[in-house]
C-alpha cells in the first residue's frame, strides 16, 4: 500500500520537477536580451564565456570575491551535495557503474560536510544582522528541509540502518514501471518524503538559481558590441530603412 | 541644504549596522505634468495605476531576460548586501542591493508566481499598495545603477536592471522623477542635457578658441557642424561650460590639433549623455541615441569619438551599435545599420573613446608632452562605474582601466593608486550617477560618496594626493559639489584630458 503510494508520488514529483524545470528553462531561453550587459571582467569570445561560466558554476568565482564565509560554506554545501547525489546513483543502476562505486566512500563523508555547510549558512542567516534582515521564512525553511534530508540520510547510514537492498530494488523497479515493496522504516519514509518535497517545489522556488545562472546576461554574454550588431526581435521592429 | 554634513570616515571599513528607515521619504522631486507629458508619459499618477503597473511589469518580464532571471534567481545569500555605497553611507537596509531588488521581487512573487499567490507571507510576497509604490519611488531613485553589486553576485544579478525596470514602470503610470525626465525633455527640444542652444554653443566655442590662443599662442579650433570632417566628437554638454569639465574639452581639441585630425562637434547632437538608460526606457534610450546617427549621416563623418562621460561611454560602447548602428558587423541585409556602417572607417573601433584616440596617438609618438607641467599634482585615478563595469577600451581585457592610467602616466610624473578594493571593477560610484545628480537628492549624494572619500583621504594621507582624475562628467560635477563637504578643495577633481591639456606641447609638430 505504502509502496504504491510512494511509487505514484515519485512518478508525480519527477514529472512536476522535469516539466516545471523545462518550462522555466524554456521561458528563460525564449525571453530576449535586447542589450549587451556583460559585467566586467567580460570575455570577448564564446570560449571565454564558457570558461567564465565554468568558473562561476564550479568555483563560485563571484561569491569568492564577495564574502569568504558565504563562499566557503556555500561551496562546501554544493560540492558535497554533488557528490552525495552522484553517490545515490548506485540505487538506480545495476550493476553499479565503476566510478559511482569509486566515489561511494567520499560520498558518505560528503553527507557530513554537506550538513556542516548548511549549518554554516544557516548560522549566517540567523546571526548576521543584515542577512537576517533579508531572509524570508522560506529561506529558513529551505535550509531546514535540506538539513533534514541530510540528517535523515546520515542517520540511516551511521545509526539506524535501513534495508538498502530493498530500497534499491524498489527504485530499480520504478525505473521499469514495476512497483516492488519499499522497506518501511520511519527514517527512510522521512528521507524520501522530504526529497519529494524538494523535487516538487524546486521549479517554483529560489532553487531556480541553478538553471538561472546559465541565462544571466551579465555572465553569459560575449563582450563584442562594437564588433557585432546585436538586436532583439522586438527592438528590430522599431527600425525602418529611412533610419528613423 | 547647507545642513547636510559628511558622515564620519569609518576607522576600519567595517560593515555598518542597520538603521531601518534612515532614508525613508528622501527621494527626489516628482516630475510635473508638463515634464512627463513632454516625453510621452502620463502627466500624473493615473487612477488605475495598480493594474497598469502590474501589466507593465508583465510586459517587461517578457521583454528582458535579465529581469525575468533576476526576479527568480536570488537566494538571499547576502553577497551583495555590503557592496553598495549608498548602504555604506546611509546604513538604511533598503539600500542593500538585495533589499532594493526585493522591493520589486516581493511584488513579482505575489502576482507572477504560484507560491506568492498561495502563501505570500512565507515567501515574502506583497501586494502592490500605495505604500509599496512610494517605497519603490523612494528607493529605486536612491540607486545609481553602478552595478558594483553585480560583480559580486554569484548569479550576476544586476540591480541596475531592476532599478531601470522599476523606473520604467513608475514612468508608465505617471510617477516619474523630475530631474531625469526634465533633462530628457531638454535633449529632445534643444539638443543637449543642459539646454544650451546652438548659438550659445557656437559663442562658447569661439570664446574657447580665443582663450587657448591667449594661453598657448596657437590657433586650436573648436569646429562645429563641419560637413566632411573626419571625426565627429560626441561629448557631455557639461564639457562646454562647467568646471572642471571644460579643461578636458580643451584637452581633446589640443589632441585633435596636434594629430592634425579634422574634427567637428554637432549642434544637433551636442550631448553624449543618455538619460534614457537611467529611466530604463528603451524607446527614449534609442531616440536619444538616434540623434548621433542622424548627425553622423548628415555630416558624413568617418569616425565617432566620445568624450569623457561614464554612462555615455557605456551607452556608446555597449548599446549604440544595437540602437543606432554605430559600430561594425551588421548583417548584409540589415539596411538600417549598413546605411551608417558603410560610411564609417572600420580601421578604427566605432565608436572610439577619446582616451583610446589619445593613447593611440601617444603610442604612435604623434604627441609630445612636458610632464613637468603636471608636477604640482600628485594624481590618482577614480574609475567611473559605468566605464569600469559596463564597457571596455582597446581590445584587451581591462583596457578601460589601463588606457586612462597609461595616458596619465604619459603626461604626468606623479601617479599613485587608491585602495585596490575601491578601484577597477570594484570601484565605487561617485554617489551622483544614474540620474541622482540633483540637489533635491544631495543628502544621498553626500552619504553615497563616503567610500570614495575614505579611499581618497587615505591616498592623501599616505601619498599626498591632491588631484583625482576621472573620465566622467557626472563624477566631476558630483565631486566638485561633495569634496568641500568632506573638507577637500573642489579642484581636487578633474579630467584626464585636463592633464593632457596641461602637458601637451603644440608648437613642435610642424
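Descriptive notes on the structure:
- Boolean, residue B:436 is surrounded by 24 or more Cβ atoms within 10 Å (Cβ to Cβ) and over 29 Å from residue B:280 (Cα atoms): no
- A count restricted to the range A:57-73 and to residues that are within 18 Å of residue A:222 (Cα to Cα) and at the interface with chain B (Cβ under 7 Å from one of its Cβ atoms) stands at 1.
- Any hit, the range B:8-25, residues being surrounded by fewer than 24 Cβ atoms within 10 Å (Cβ to Cβ) and under 20 Å from residue B:279 (Cβ atoms): no
- Complete set of residues in the range A:22-50 that are within 12 Å of chain B (Cβ to nearest Cβ) and within 25 Å of residue A:83 (Cβ to Cβ): A:25
- Unique residue being in a loop (DSSP other than H, G, I, E, B), out of contact with any helix residue (DSSP H, G or I) (no Cβ under 8 Å at 6 or more places or on another chain) and over 30 Å from residue A:224 (Cα atoms) when the list is B:376, B:460: B:376
- Test: residue in the range A:106-125 that is more than 22 Å from the chain's Cα centre (by Cα) and either part of a helix (DSSP H, G or I) or without any contact (Cβ under 8 Å) to a residue 24 or more places away in the chain (or both): no
- Boolean, residue B:185 is farther than 21 Å from residue B:443 by Cβ, away from chain A (no Cβ under 14 Å) and touching a residue at least 12 places away in the same chain (Cβ under 8 Å): yes
- Residues that are touching a residue at least 40 places away in the same chain (Cβ under 8 Å) and not in a loop (DSSP other than H, G, I, E, B) were ranked within the range B:188-202; the one that is nearest to residue B:291 (Cα to Cα) is B:188.
- Listed by position, the helices (runs of 4 or more DSSP H) inside the range B:1-91 whose residues that are within 14 Å of chain A (Cβ to nearest Cβ) and either over 27 Å from residue B:173 (Cα atoms) or under 23 Å from the mean Cα position of the chain (by Cα) (or both) number at least 3 are B:65-73, B:85-90.
- Residues that are at pLDDT 95 or above, within 14 Å of chain B (Cβ to nearest Cβ) and either loosely packed, with under 15 Cβ neighbours inside 10 Å or not in a helix (DSSP H, G or I) (or both) are absent from the range A:145-159 altogether.
- Among residues of the range A:206-220 being touching a helix residue (DSSP H, G or I) at 6+ places or on another chain (Cβ under 7 Å) and more than 7 Å from every other protein chain (Cβ to nearest Cβ), the one that is surrounded by the most Cβ atoms within 10 Å (Cβ to Cβ) is A:220.
- Entry remark, the range A:45-72: residues being closer than 25 Å to residue B:162 by Cα and not in a helix (DSSP H, G or I) number 2 in total.
- Only one of the numbered conditions (1) over 20 Å from the mean Cα position of the chain (by Cα); (2) within 14 Å of chain B (Cβ to nearest Cβ); (3) in contact (Cβ under 8 Å) with a residue 12 or more places away in the chain; (4) buried (at least 18 other Cβ atoms within 10 Å of the Cβ) is not met by residue A:226, and that is (3).
- Among the residues making up the range A:126-144, those that are in a helix (DSSP H, G or I) and either under 17 Å from the mean Cα position of the chain (by Cα) or within 18 Å of residue A:197 (Cβ to Cβ) (or both) are A:137, A:138, A:139, A:140, A:141, A:142, A:143, A:144.
- Counting the residues of the range B:232-251 that are outside any loop (DSSP other than H, G, I, E, B) and surrounded by 22 or more Cβ atoms within 10 Å (Cβ to Cβ) gives 12.
- Qualifying residue in the range B:380-391 (condition: in contact with a strand residue (DSSP E or B) (Cβ under 9 Å, 6 or more places away or on another chain), in a loop (DSSP other than H, G, I, E, B), within 13 Å of another protein chain (Cβ to nearest Cβ) and more than 20 Å from residue B:499 (Cβ to Cβ)): yes
- The one condition from (1) in a helix (DSSP H, G or I); (2) more than 18 Å from residue A:67 (Cβ to Cβ); (3) assigned by TED's automatic domain parsing to the domain that holds residue B:50 that residue B:149 does not meet is (2).
- Boolean, residue B:475 is touching a residue at least 12 places away in the same chain (Cβ under 8 Å), in the same structural domain as residue B:375 (by TED's automatic domain parsing) and either more than 18 Å from the chain's Cα centre (by Cα) or farther than 25 Å from residue B:12 by Cβ (or both): yes
- Residues in the range B:394-413 that are over 16 Å from residue B:308 (Cβ atoms) and in contact with a strand residue (DSSP E or B) (Cβ under 6 Å, 6 or more places away or on another chain) were compared, and the one that is surrounded by the most Cβ atoms within 10 Å (Cβ to Cβ) is B:412.
- Residue count, the range B:92-135 (criterion: within 9 Å of chain A (Cβ to nearest Cβ), outside any helix (DSSP H, G or I) and either closer than 20 Å to residue B:16 by Cβ or within 23 Å of the chain's Cα centre (by Cα) (or both)): 1
For (1) assigned to a helix (DSSP H, G or I); (2) at pLDDT 95 or above; (3) more than 16 Å from the chain's Cα centre (by Cα), each residue gets a yes or a no:
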position	(1), (2), (3)
B:256	yes, yes, yes
B:260	no, yes, yes
B:267	no, no, yes
B:280	no, yes, no
B:304	no, yes, yes
B:311	yes, yes, no
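- Looking across the range A:188-203, the residues that are surrounded by 18 or more Cβ atoms within 10 Å (Cβ to Cβ) and either free of Cβ contacts under 8 Å to residues at least 40 places away in the same chain or closer than 25 Å to residue B:71 by Cβ (or both) come down to A:188, A:199, A:200, A:201, A:202, A:203.
- Checking each residue in the range A:19-44 for being farther than 17 Å from residue B:64 by Cα and out of contact with any helix residue (DSSP H, G or I) (no Cβ under 9 Å at 6 or more places or on another chain) picks out only A:44.
- Among the residues making up the range B:264-289, a single one is more than 30 Å from residue B:41 (Cα to Cα) and surrounded by fewer than 24 Cβ atoms within 10 Å (Cβ to Cβ): B:264.
The values are calculated or read from the model by the stated rules, or taken from the named source; none is laboratory data. Here the structure is a predicted model, which means the values were calculated and not measured. All Cβ positions, glycine included, derive from the backbone under ideal geometry; neighbour counts span all protein chains shown.
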